[in-house]
Each structure stands twice: as C-alpha cells, then as structure tokens.
1. Please go through segment 23-37 and give me each residue that is more than 13 Å from the chain's Cα centre (by Cα) and either under 24 Å from LEU91 (Cα atoms) or surrounded by fewer than 17 Cβ atoms within 10 Å (Cβ to Cβ) (or both), ordered by number.
2. Could you check PRO26 against (1) farther than 20 Å from TYR149 by Cα; (2) modelled with pLDDT of 90 or more and say which number it fails?
3. Somewhere in segment 71-93, is a residue under 22 Å from LEU18 (Cβ atoms) and among the small types (Gly, Ala, Ser)?
4. Would you point out which residue out of LEU165, LEU119, LEU150 is at pLDDT 95 or above, among the aliphatic types (A, V, I, L, M) and either out of contact with any Phe, Trp or Tyr (no Cβ under 8 Å at 6 or more places or on another chain) or within 23 Å of THR21 (Cβ to Cβ) (or both)?
5. Starting from segment 93-111, keep only residues that are at pLDDT below 90, then list their pairs with residues that are among the β-branched types (Val, Ile, Thr) whose Cβ atoms are within a distance under 8 Å, requiring at least 6 positions of separation or different chains.
6. Return yes when LEU132 is modelled with pLDDT under 95 and surrounded by fewer than 16 Cβ atoms within 10 Å (Cβ to Cβ) and no when it is not.
7. Starting from segment 30-48, take each residue that is touching a residue at least 60 places away in the same chain (Cβ under 8 Å) and hydrophobic (A, V, I, L, M, F, W, C) and list its partners that are assigned to a helix (DSSP H, G or I) and surrounded by fewer than 17 Cβ atoms within 10 Å (Cβ to Cβ), counting only C-beta distances under 9 angstrom and pairs at least six apart or across chains.
8. Checking the condition over 16 Å from the mean Cα position of the chain (by Cα) and closer than 23 Å to VAL64 by Cβ, which residue from MET20, MET1 passes?
Amino acid sequence: MLLTSLILLPLLGAIMILVMTRDDSPRSADEARYIALFTTVITFFVSILAWLGFDNSKADFQFVEKQDWFVGLNISYSLGIDGISLFMLLLTTFLMPICILCSWESIVTRVRGFMVSFLLLETFVIGVFSSLDVIMFYLFFEGMLIPMYLIIGVWGGHSPYLCRL
C-alpha cells in the first residue's frame with residue numbers, strides 16, 4: 001500500500017484545497033499554499049520510506065500491488081518500482097515542495113487552481129513512474145497532460161522576472 005499512498009496523498013491534498021478554501025482571497029490563497037506545501041512534504045517523506053525499505057540486492061520489482069480490474073481484458077491495477085523508478089519517484093517528490101516554495105510569491109492569481117493543478121500533476125507523475133500495467137501507465141500519462149497544460153497555459157508566459165534578450 002506504500003505506492004498507493006504515494007499516489008493518493010497529493011490527490012487528497014488537492015481535494016482538501018478544493019473543500020477548505022472557497023474563494024481567491026489572500027487568506028484562501030495562503031491556506032492553499034500551506035496545504036500544498038504540507039502535502040508535498042509528507043509525500044516526500046513517504047517516498048523516503050520507500051527508499052529506506054528498498055532492497056538493492058533484488059533485481060525484480062518491489063512494493064508490488066496488484067488488483068484485477070477487467071479480467072476479460074487483462075487490465076489490472078498494478079504498481080511496483082525498480083531501482084530506476086525509485087529514484088524518479090524520489091526526484092519527483094523532492095522537487096514538488098521546491099516548486100511550491102518557488103511559486104509562493106510569484107503566483108498571485110488563481111492560487112487555489114495552481115496548487116490543485118500541481119498536486120494533481122504530482123499524483124499522475126507518481127502514477128506514471130510506479131505503474132506496471134500499460135493501460136494504467138497510459139491513463140496516468142494522459143492525465144498528467146491536463147494539469148501540465150493548465151499550469152503552462154494559465155500561469156506560464158511572460159514573467160517580469162525573465163530578462164529580455
């Protein structure tokens with residue numbers, strides 16, 4: 001259940017932001033920032049637990065979770081990590097709190113949406129790196145494109161901090 005909890009933690013943080021904050025007031029924006037930061041830090045610590053529990057002497061997938069979804073189509077909820085995906089998970093969960101902190105002052109409009117999008121992005125990226133079923137990989141990968149598109153489309157673009165060449 002370690003990998004499932006890694007996937008669900010950012011999703012629960014996004015739901016908390018949507019439920020606990022109602023408007024785009026400065027108070028709600030700060031609450032969304034703190035919830036997102038807290039969620040990403042907790043997710044990072046859970047990924048550290050995965051790293052500490054990982055056995056380098058084994059060459060097969062570890063922390064494997066498997067549950068049949070559509071037996072006739074051979075589609076299952078199947079998660080597991082190897083040495084490469086472990087470090088990709090660690091990198092993802094390490095960078096997300098840094099991204100939240102870097103956007104703390106620069107994102108001033110639609111902060112709730114930004115934080116929810118970033119937490120959903122983290123959920124889908126963790127799912128991509130830990131999925132063992134090709135259908136799950138496809139769903140997580142395609143799902144990852146939606147918050148990425150929103151982050152780039154709504155909050156990307158011209159920044160006063162970028163120098164002009």
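The values are calculated or read from the model by the stated rules, or taken from the named source; none is laboratory data. Everything numeric here is computed off the predicted structure, so don't read it as measured data. Positions of Cβ are generated from backbone atoms using ideal geometry, with glycine treated the same way; all protein chains shown enter the neighbour counts.
1. Here is the first cut: in segment 23-37, the ones more than 13 Å from the chain's Cα centre (by Cα) are 23-35.
Correct list: ASP23, ASP24, SER25, PRO26, ARG27, SER28, ASP30, ALA32, ARG33, TYR34, ILE35.
2. Condition not satisfied by PRO26: (2).
3. No: segment 71-93 contains no residue that is under 22 Å from LEU18 (Cβ atoms) and among the small types (Gly, Ala, Ser).
4. Numbers: LEU165 fails: at pLDDT 95 or above; LEU150 fails: at pLDDT 95 or above.
Result: LEU119 is the single residue among LEU165, LEU119, LEU150 that is at pLDDT 95 or above, among the aliphatic types (A, V, I, L, M) and either out of contact with any Phe, Trp or Tyr (no Cβ under 8 Å at 6 or more places or on another chain) or within 23 Å of THR21 (Cβ to Cβ) (or both).
5. From segment 93-111, the pairs are ARG110/VAL154.
6. Working: modelled with pLDDT under 95: yes; surrounded by fewer than 16 Cβ atoms within 10 Å (Cβ to Cβ): no.
The answer is no for LEU132.
7. Cβ pairs passing all conditions: ALA32/MET20; ILE35/MET20; LEU37/LEU101.
8. Numbers: MET20 fails: closer than 23 Å to VAL64 by Cβ.
Answer to the selection: MET1.
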